[in-house]
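The values are calculated or read from the model by the stated rules, or taken from the named source; none is laboratory data. Predicted, not measured: the structure shown is a model, and the values here were computed from it. Methodologically, a virtual Cβ is constructed for each residue, glycine included, from the backbone with ideal geometry; neighbour enumeration extends over all protein chains shown.
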Amino acid sequence: MTASFRLARIVGVDVGVNWSVLVIFMLIATSLSAGRLPADYPDHSAWAYGIAGTSAAVVFFLGLLAHELSHAVVARRNGLSVEGITLWMFGGVARLRGEARTPGADLRIAGVGPLVSLLLGVGFGAIAALLVAAGQDGLVVGTIAWLAGINILLAVFNSLPAAPLDGGRILRAALWRWRGDRTWAAVTAARAGRVLGALLIALGFWEFLGGAALSGLWLALIGWFLVGTATMEEQGTRLAATLAGIRVGDVMSGEPVTVSPDLDVAQLLDGYLWESRHSAFPLTDGGRPVGLITLNRIKAVPPERRATTRLRDIACPLEELPIASPDEPINDLLPRLNQYADGRALVVDGDGHLIGIVTPTDISRAVQRATLIPRP
Ligand SMILES: [Zn+2]
């Protein structure tokens with residue numbers, strides 16, 4: 001899930017927001033201030049409901065942020081680096097780089113999120129109870145009680161033992177510790193995610209047919225998202241297991257055909273393209289990579305401008321290219337490879353000189369080989 005805009009940097013973690021948060025924010029604020037609160041606590045002004053509903057939605061998202069930040073902080077303490085947090089329509093995602101090294105770390109990183117939501121829920125519940133005991137009963141108490149309920153619901157839902165929910169990660173950690181096989185544990189948690197997703201879709205349709213159209217649709221949508229993410233996780237886990245122990249240097253295409261960044265598109269088409277079976281050419285300057293040119297980028301240049309367009313100006317810049325070393329495990333490179341549209345990585349030696357390129361074809365060839373010849 002990509003962030004539409006960056007919100008802040010909190011405890012060293014980039015917090016971004018996807019536009020879909022606005023939709024959910026409006027949905028929560030309006031359903032509270034125009035529906036639930038006036039029904040439960042009549043005789044207030046529209047302004048009072050509006051302020052109560054909007055504040056509740058703001059505090060709800062702050063709670064969500066606290067949940068994701070707790071994942072990020074604990075992940076960092078357990079030696080993982082955190083790329084950032086994105087809030088979106090189904091809650092939040094803390095993007096972690098790499099995997100927990102032990103079942104214990106896996107458990108701590110996953111478990112802290114629902115724990116934070118639960119503590120928030122219990123805290124709001126205690127405040128509401130204290131206010132009631134002090135003789136308060138009305139709109140403010142009702143709003144705080146709603147916050148208590150929604151945070152506890154969040155904690156419970158996230159604890160369901162199915163990936164990609166936190167409970168799925170907890171299940172993975174437990175199975176991993178039990179059998180010592182992380183791949184099997186992750187695949188099992190992902191399968192549980194597909195089952196839960198299918199159940200939610202069925203439940204959503206049931207509600208939809210029963211007349212609760214919006215909440216039914218919402219449940220089905222969450223279920224659909226769970227099935228999709230769990231399936232991707234299962235495939236990713238199997239791929240990582242297949243490629244375990246294989247290094248970038250084993251997979252890359254060595255001695256790639258390089259071109260000078262000062263050539264123009266016409267020169268590339270005349271001199272290289274038809275003699276080469278490649279569809280991507282690293283641009284180098286003194287042996288060091290400065291960018292990458294692909295067929296798609298060449299196609300985007302109209303024929304009449306080929307002679308005047310320099311490769312340097314249309315190449316994928318170095319900052320957007322994954323750079324790998326030949327000794328790096330291929331599994332460490334894969335997430336970086338998928339991040340970029342061009343889908344290729346450049347391999348450099350210790351002096352920064354280009355020695356190879358990794359393309360999607362190289363990866364699928366490596367997968368085929370590893371499947372045919374299982375490594376010890
Ligand atoms: Zn979580």
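A count restricted to segment 96-108 and to residues that are away from the ligand (no atom under 15 Å from the Cβ) and in a strand (DSSP E or B) stands at 1. Could you tell me how many of the residues in segment 75-90 are within 12 Å of the ligand (Cβ to nearest atom) and surrounded by fewer than 19 Cβ atoms within 10 Å (Cβ to Cβ)? Residues meeting the conditions: 1. Listed by first and then second residue, the pairs with beta-carbon distance under 6 Å, at least 6 apart or on different chains, first residue in segment 148-159 and within 12 Å of residue 91 (Cα to Cα), second of a type in the set (D, E, K, R) and within 12 Å of the ligand (Cβ to nearest atom), are 158/166.
State all residues of segment 261-311 that are of a type in the set (Val, Ile, Thr) and touching an Asp or Glu at 6+ places or on another chain (Cβ under 8 Å); if no residue qualifies, say none. Write out each step before concluding.
First, pick out the residues of segment 261-311 that are of a type in the set (Val, Ile, Thr): 265, 284, 290, 293-294, 298, 301, 308-309.
Across segment 261-311, the qualifying residues are 294, 308, 309.
Quick one: would you say residue 147 is of a type in the set (A, V, I, L, M, F, W, C), in the same structural domain as residue 90 (by TED's automatic domain parsing) and closer than 24 Å to residue 45 by Cα? Give the derivation first.
Details: of a type in the set (A, V, I, L, M, F, W, C): yes; in the same structural domain as residue 90 (by TED's automatic domain parsing): yes; closer than 24 Å to residue 45 by Cα: yes.
So residue 147 passes the test.
Which one is farthest from residue 73 (Cα to Cα), of the residues in segment 4-42 that are modelled with pLDDT under 85 and of a type in the set (D, E, K, R)? The qualifying residue farthest from residue 73 (Cα to Cα) is 6. Quick one: which residue in 122, 93, 116, 141 is more than 16 Å from the ligand (Cβ to nearest atom) and touching a residue at least 24 places away in the same chain (Cβ under 8 Å)? Of the residues listed, the single one that is more than 16 Å from the ligand (Cβ to nearest atom) and touching a residue at least 24 places away in the same chain (Cβ under 8 Å) is 122.
In this structure, is residue 70 surrounded by fewer than 21 Cβ atoms within 10 Å (Cβ to Cβ) and within 10 Å of the ligand (Cβ to nearest atom)? Lay out the reasoning, then the answer.
On the way: surrounded by fewer than 21 Cβ atoms within 10 Å (Cβ to Cβ): yes; within 10 Å of the ligand (Cβ to nearest atom): yes.
Yes: the conditions hold for residue 70.
Here 186, 173 are screened, and the one residue that is in the same structural domain as residue 91 (by TED's automatic domain parsing), under 18 Å from the mean Cα position of the chain (by Cα) and among the aliphatic types (A, V, I, L, M) is 186.
Criterion first (out of contact with any Phe, Trp or Tyr (no Cβ under 6 Å at 6 or more places or on another chain), part of a helix (DSSP H, G or I), surrounded by 24 or more Cβ atoms within 10 Å (Cβ to Cβ) and modelled with pLDDT under 95) does residue 186 satisfy it? Give the derivation first.
On the way: out of contact with any Phe, Trp or Tyr (no Cβ under 6 Å at 6 or more places or on another chain): yes; part of a helix (DSSP H, G or I): yes; surrounded by 24 or more Cβ atoms within 10 Å (Cβ to Cβ): yes; modelled with pLDDT under 95: yes.
Yes: the conditions hold for residue 186.
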